[in-house]
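Colleague: Handing you this structure, nothing more for now.
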Amino acid sequence: MALTFIPTVWAARLLSALEKALVYGQANVCNRDYEGEVRSAGNTVKIASVGEVTVGDYVKDTDIGDPETLTDEAQTLNIDQQKYFHFYVDSVDRAQQNVNVLDEAMRRSAWELRDVADGYLASLMDAAVPAGNKIGTVATPEVPTKDDAYEYLVDLSVLLDEADVPIDGRFCVVPAWFHGLLLKDDRFINAGTMRSDRVLANGAVGEAAGFSILKSNNVPNTAGEKFKIIAGHYIATSYVEQVLDVQTYRPEQRFGDAVKGLHVYGAKVVRPSALACLIANKS
């Protein structure tokens with residue numbers, strides 16, 4: 001009996017990977033006020049600020065005191081994170097496929113770089129939250145339920161109120177399970193819909209207790225417990241990034257195309273008091 005050759009058929013479209021929403025690096029969670037031009041890893045950005053000004057009592061027909069010397073409270077933002085991607089696609093593989101694997105690989109590489117940066121920013125914010133702005137501890141995390149999840153948002157809002165954090169522009173990044181609890185509370189259902197005139201941010205799922213609620217799988221946690229649900233204002237964290245170099249080349253001893261890229265970035269929590277955190281376990 002003659003053998004029948006059955007060729008492999010390549011699908012006309014790629015199966016894209018499932019991807020998380022990237023939240024912490026966007027404009028309404030951290031600011032890019034000091035980005036400027038980043039030329040190479042290791043650069044630093046000096047952020048100047050002025051110390052507090054003392055207010056005194058004035059008495060008519062009485063000389064006031066000598067002028068106060070203001071202090072310079074400069075902070076340094078280091079661009080110290082360096083990440084790269086590097087991949088190769090053989091010409092034989094490309095010739096047999098009906099899709100542009102190179103384009104999809106480039107898109108995927110860019111997403112992976114952003115995902116790593118997103119996790120870095122989440123951890124940086126978590127580490128900077130003042131002790132007095134935390135609800136729960138790592139040793140004894142809170143355990144929210146559908147009946148009080150909304151109440152915890154209110155408590156986070158109060159902490160920011162007491163720290164004189166601006167009301168407009170606040171965010172809170174929650175894991176999927178906490179968002180699920182909110183969806184079982186009529187207060188969130190009735191007030192949690194984003195206004196129609198607002199452009200939805202990546203990961204945005206609604207509004208509650210004065211926060212834009214964002215959902216992310218990059219919320220810091222320890223083995224699925226002790227989730228660090230961070231709330232705050234975008235003035236708290238400054239972020240600087242740059243894709244310094246992307247190169248395509250053909251390896252000398254192969255037939256195909258290779259691409260490599262370098263992403264450098266850094267961040268600094270310049271106003272820690274503008275952040276608050278709920279440390280919580282799933283109920």
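Colleague: Specify which of the listed residues (145, 76, 69) is modelled with pLDDT under 95, farther than 27 Å from residue 236 by Cβ and of a type in the set (S, T, N, Q).
Modeller: Criteria check complete, one pass: 69.
Colleague: Hey, another quick one. Show me the strands (runs of 3 or more DSSP E) found entirely inside the stretch 210-283 where at least 1 residues are touching a helix residue (DSSP H, G or I) at 6+ places or on another chain (Cβ under 8 Å) and at pLDDT below 95.
Modeller: Those strands (runs of 3 or more DSSP E) span 211-215, 237-249, 256-269.
Colleague: Pick out the one residue from 163, 74 that is exposed (fewer than 12 other Cβ atoms within 10 Å of the Cβ), in contact with a Ser or Thr (Cβ under 8 Å, 6 or more places away or on another chain) and either farther than 27 Å from residue 248 by Cβ or among the hydrophobic types (A, V, I, L, M, F, W, C) (or both).
Modeller: None of the others qualify; the one that does is 74.
Colleague: Assuming residue 184 fulfils every condition listed in (1) under 14 Å from residue 23 (Cβ atoms); (2) without any contact (Cβ under 8 Å) to a residue 60 or more places away in the chain; (3) not hydroxyl-bearing (Ser, Thr, Tyr) apart from one, which condition is it?
Modeller: Only one criterion in (1) under 14 Å from residue 23 (Cβ atoms); (2) without any contact (Cβ under 8 Å) to a residue 60 or more places away in the chain; (3) not hydroxyl-bearing (Ser, Thr, Tyr) is unmet by residue 184, namely (1).
Colleague: Out of (1) in contact with a Lys or Arg (Cβ under 9 Å, 6 or more places away or on another chain); (2) modelled with pLDDT under 85; (3) not in a loop (DSSP other than H, G, I, E, B), what's the single condition that is false for residue 95?
Modeller: Going through the list (1) in contact with a Lys or Arg (Cβ under 9 Å, 6 or more places away or on another chain); (2) modelled with pLDDT under 85; (3) not in a loop (DSSP other than H, G, I, E, B), residue 95 breaks only (1).
The values are calculated or read from the model by the stated rules, or taken from the named source; none is laboratory data. This is a predicted model, so every value here is computed, not measured. Every residue, glycine among them, receives a Cβ derived from its backbone with ideal geometry; neighbour counts consider all protein chains shown.
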